[in-house]
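Structure first, commentary second.
All of the numbers you see were taken from the coordinates with simple rules; none came from a lab. Nothing here was measured: the structure is a model prediction, and the numbers come from that model. We place every Cβ from the backbone using ideal geometry, glycine too, and count neighbours over all the protein chains shown.
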Amino acid sequence: MKPSLRPPARGKRWLALLAVLLALLPGAAVRAEYGDVVLNNWSQKNGMRPVIFPHWFHRERFRCKVCHTELGFKLQAGADDMDMADIINGKFCGACHNGKIAWSVEHCGLCHSGKPGLSTGIMSGGTSQGPGIF
Ligand code: HEC
Ligand code: HEC
Ligand code: HEC
């Protein structure tokens, strides 16, 4: 074995492992790549269409950690118990949909765009008929 092929020092091995993991990430996430998150814990019970959250559209614009660390969105569709009061008060979607970072909550139909009857979970854009078709 040539010296240059020696396994890197411990610290660097971690870096290499990290690089491999990062390289795998897009592949690992492929299943959800075109996925819309359908949120219907409360909407239809309260007379609104289910919410379609186009995940990929948002992932292209923001780092994962903005939502999943800083804003605290859980990594499971439907896991966050969101209601409209929270959102209007700047939590969850309302952290951005406030008329500054993105259009504000008065555009009900842009979020509540799902076909009645959809249940909370991940769907491909084509079947959810939400705006998140790419
Ligand atoms: C604009 C905000 C936002 C960004 C950016 C974002 N996510 Fe999400 N993500 C969400 C929301 C909202 C949910 C659904 C949470 C809920 O319903 O409580 C979700 C759900 C998920 C889920 C769960 C899907 C399932 O099968 O239930 C995974 C995995 C995920 N995100 C990974 C990522 C990764 C990886 C990135 C970065 C490449 C990312 N997210 C970027 C908002 C975001
Ligand atoms: C980190 C900021 C951020 C968060 C959090 C966020 N959004 Fe958005 N969202 C945006 C931005 C920016 C746009 C693009 C606005 C524009 O085009 O003017 C957008 C656009 C959208 C669109 C339109 C997509 C399209 O195809 O044009 C929908 C629908 C949407 N958001 C729903 C949601 C819902 C539902 C949530 C909460 C579950 C949410 N968003 C949370 C920033 C965010
Ligand atoms: C930025 C996205 C977004 C917009 C815009 C939006 N909502 Fe919501 N809304 C949500 C999300 C996410 C939930 C929780 C979804 C669920 O689990 O059912 C929700 C839930 C609700 C609920 C059920 C929970 C509760 O608070 O009673 C009602 C009713 C509701 N929205 C009404 C509205 C009305 C009316 C408007 C327009 C004035 C509106 N929403 C605009 C994202 C949005």
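Side notes on the structure shown:
- Candidate aspartates and glutamates - alpha carbon under 13 Å from K91, same-chain residues fewer than 8 apart omitted: E70, D80, D81, D83
- When you restrict to C-alpha pairs under 8 Å that are six or more residues apart and normalise by the size of region 34-128, the relative contact order lands at 45 percent.
- Cα-based shape type of region 49-112, given that a ≥ b ≥ c are square roots of the gyration tensor eigenvalues and the cut on a/c is 1.5: rounded
- Rounded to the nearest 20 debye, the dipole magnitude of region 34-128 is 180 debye, with +1 charges on Lys and Arg beta carbons, -1 on Asp and Glu beta carbons, and the Cα centre as origin.
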